[in-house]
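Report on one structure; see the data block that follows.
The values are calculated or read from the model by the stated rules, or taken from the named source; none is laboratory data. None of these values were measured; they are calculated from a predicted model. Here the Cβ positions follow ideal geometry from the backbone for every residue, glycine too, while neighbour counts run over all protein chains shown.
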Amino acid sequence: MKGKIIKGFSKLSGKEKRHGIASLCKKPEAAEKEMESYLAADPATRKKFLELSENTISSFHVPYGIAPNVMIDGRIYHVPMAIEESSVIAAASHAARFWAERGGFRVKQISTVKLGHVYFRWFTDPRFLSDHWDHIRFFLLDRLRKTTASMVRRGGGVLELRLIDSSEIMENLYKLELELDTVNSMGANFINTCLEELAEGMDAYLSMNNHVKERRYQHIMSILSNFTEKCTITVEASCSFNELKPFAGKLPVEEFAEKIQLAYGIAKGDPYRAATHNKGIMNGVDAVLLATGNDYRAAEAAAHAYASREGVYQALSSCRLKDRKLTISLTIPLAIGTVGGITNLHPLARLSLEILGNPNARELMAIVAAVGLSSNFAALTSLVTTGIQKGHMRLHLSNILNSLNAGTSGRRTAEEYFTEKKISYDAVKHFVDARSN
Ligand code: MEV
């Protein structure tokens, strides 16, 4: 297989795929065994995992942990997180407990409207579209009724359909914009089905006037938008300066609060810092999304598009100080679900939702946002006090020791030795090598 175009890979059995791909490795037999060792032992579970995707040869493991004590509007959640980066769960847990003991997070705003578009070009008199729009709209919505019936029964469905002249992007370009409520599902498939149905409806309507045949209308594409600016949540938390002590370290609480506010201000104004600041939020957000079987790539795309909505990339969270009180706040788009997709197919995603008390989509949005804000606050407090490396490297020490194959007693002595020492890969390697010589 090395360096060659492989034909028919998808047709091979799992074993044949593993065997072929293992031949690309230095020790093919060991590689094949390793791939096999990460397959779920129970055949039915293995099949379930492997059939979630295509061309699968094994399962890729990611640590699955809990951030306990996330309090939202008075209710406590112990939140499952799936993430490989050390210190993210510890930091989020630390901040979540801190805020839980100070009243927790509050949901300030929530909206769940989703958007999708049908893009098309219109080569003749634009007045035809505007003049007939009411009629076209009625015709299209009527056609959609069958597709949306069960969503309507669940409390959702179409909220609005509009025609938008997009000729400032491209000559002759228009789009239909569909607004929907998909209740507890992320609804990606549902939205795309509705959009394709709308496109077929446009074709049918315009065929009646020969616009299609005469090539005066050209459908380009129909797809949901991941810029979910109308599907956002705002959570916030506040406490008095005096209550900040556990995070202020050696700093007086006033100076700590001021530095936190400055850090948020920098992330608002400087896109270089904003990207890293938002990455810290997404550490928590993505980990909960992955653990609950949600599409974290969609959430990432939405978050960064939203962060740029004013034309400059900005921080998603903010901070204000008033009357010796610090308030932190996060507004983030989260088009997520608790039914559909893999939320009920992936055994651990299903379990995560059960651990959370089977929340609805709005509740899950709040949980995800609260963990994102916890991660963000934890990162900022480290940055303005001890620096990020101190805590991070302490938790990363275990990874370094694992990569150096340190045995149990070697680990223990290294952990003791580095309690007060600066940790770096080289320093740990030097220590481990010196002990084994
Ligand atoms: C590291 O994964 C995330 C941070 O860089 C976030 C931040 O700087 O705010 C620590």
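Kindly indicate whether I342 is in a loop (DSSP other than H, G, I, E, B), within 11 Å of the chain's Cα centre (by Cα) and assigned by TED's automatic domain parsing to the domain that holds L356. Against the criterion (in a loop (DSSP other than H, G, I, E, B), within 11 Å of the chain's Cα centre (by Cα) and assigned by TED's automatic domain parsing to the domain that holds L356), I342 does not qualify. Going by the structure shown, is G155 away from the ligand (no atom under 16 Å from the Cβ) and on the phi > 0 side of the Ramachandran plot? In short, yes. Taking the listed residues E171, E197, the one that is surrounded by fewer than 16 Cβ atoms within 10 Å (Cβ to Cβ) and charged (D, E, K, R) is E171, with no other qualifying.
I need the full set of residues from segment 10-21 which are of a type outside the set (G, A, S) and in contact with an Asp or Glu (Cβ under 9 Å, 6 or more places away or on another chain), in order please. Hits for segment 10-21 are K15, R18, H19, I21.
When segment 175-207 is filtered for residues that are farther than 13 Å from L140 by Cβ and aliphatic (A, V, I, L, M), the ones remaining, listed by number, are L180, V183, M186, A188, I191. Being of a type in the set (D, E, K, R) and within 30 Å of L321 (Cβ to Cβ) is not true of E200. Please identify the pairs in which a residue from segment 120-147 that is in the same structural domain as E214 (by TED's automatic domain parsing) has its Cβ atom under 6 Å from the Cβ atom of a residue that is charged (D, E, K, R) and in a helix (DSSP H, G or I), counting only partners at least 6 apart or on another chain. Within 6 Å, the pairs are L144/E197; T147/E197.
Out of (1) within 16 Å of the ligand (Cβ to nearest atom); (2) under 30 Å from E415 (Cβ atoms); (3) buried (at least 16 other Cβ atoms within 10 Å of the Cβ), the odd one out for L397 is which? Here L397 clears every test but (1).
For segment 11-40, a residue qualifies if it is in a helix (DSSP H, G or I) and of a type in the set (A, V, I, L, M, F, W, C), and the qualifying residues are I21, A22, A30, A31, M35. Hey, does segment 208-224 have a residue that's hydroxyl-bearing (S, T, Y), exposed (fewer than 14 other Cβ atoms within 10 Å of the Cβ) and part of a strand (DSSP E or B)? Within segment 208-224 (the criterion being hydroxyl-bearing (S, T, Y), exposed (fewer than 14 other Cβ atoms within 10 Å of the Cβ) and part of a strand (DSSP E or B)), the answer is no, since none of the residues qualifies. Screening R324, R297, R362, R350 for residues that are of a type in the set (D, E, K, R) and under 28 Å from E243 (Cβ atoms) leaves exactly one candidate, R324.
Would you mind finding the one in T56, T45 that is out of contact with any His (no Cβ under 9 Å at 6 or more places or on another chain), closer than 30 Å to V79 by Cβ and at pLDDT 95 or above?
The match here is T56.
The helices (runs of 4 or more DSSP H) falling completely within segment 245-332 that include 1 or more residues that are within 12 Å of the chain's Cα centre (by Cα), within 16 Å of the ligand (Cβ to nearest atom) and surrounded by fewer than 21 Cβ atoms within 10 Å (Cβ to Cβ) map to 271-291, 296-307.
Does L380 qualify as being in a helix (DSSP H, G or I), aliphatic (A, V, I, L, M), assigned by TED's automatic domain parsing to the domain that holds N344 and away from the ligand (no atom under 14 Å from the Cβ)? No: the conditions fail for L380.
Residues of segment 36-52 that are of a type in the set (G, A, S) and either touching a residue at least 12 places away in the same chain (Cβ under 8 Å) or in the same structural domain as T292 (by TED's automatic domain parsing) (or both): A40 alone. Looking only at residues in segment 83-110 that are among the basic types (K, R) and not in a helix (DSSP H, G or I), the one that is surrounded by the most Cβ atoms within 10 Å (Cβ to Cβ) is R106.
Considering each residue of segment 67-81, count those that are assigned to a strand (DSSP E or B) and surrounded by fewer than 16 Cβ atoms within 10 Å (Cβ to Cβ), and give that number.
Total meeting the criteria: 4.
Please verify whether A82 is of a type in the set (A, V, I, L, M, F, W, C), more than 30 Å from G155 (Cβ to Cβ) and outside the structural domain of T182 (by TED's automatic domain parsing), treating the condition exactly as stated. It is false that A82 is of a type in the set (A, V, I, L, M, F, W, C), more than 30 Å from G155 (Cβ to Cβ) and outside the structural domain of T182 (by TED's automatic domain parsing). Selection of segment 2-30 for residues being among the polar types (S, T, N, Q) and under 33 Å from the mean Cα position of the chain (by Cα) yields S10, S13. Only residues that are of a type outside the set (F, W, Y) and either crowded, with 20+ Cβ neighbours inside 10 Å or touching a Gly at 6+ places or on another chain (Cβ under 9 Å) (or both) were counted in segment 118-134, giving 1. Specify which of the listed residues (N184, N189) is surrounded by fewer than 16 Cβ atoms within 10 Å (Cβ to Cβ) and of a type outside the set (D, E, K, R). On inspection, the qualifying residue turns out to be N189. The listed residues are G387, G407, G391, G357, and the only one of them that is in contact (Cβ under 8 Å) with a residue 12 or more places away in the chain and either within 16 Å of the ligand (Cβ to nearest atom) or more than 31 Å from the chain's Cα centre (by Cα) (or both) turns out to be G391.
When segment 424-437 is examined, which residues are found to be surrounded by 12 or more Cβ atoms within 10 Å (Cβ to Cβ) and at pLDDT below 85? Result: R435, single match.
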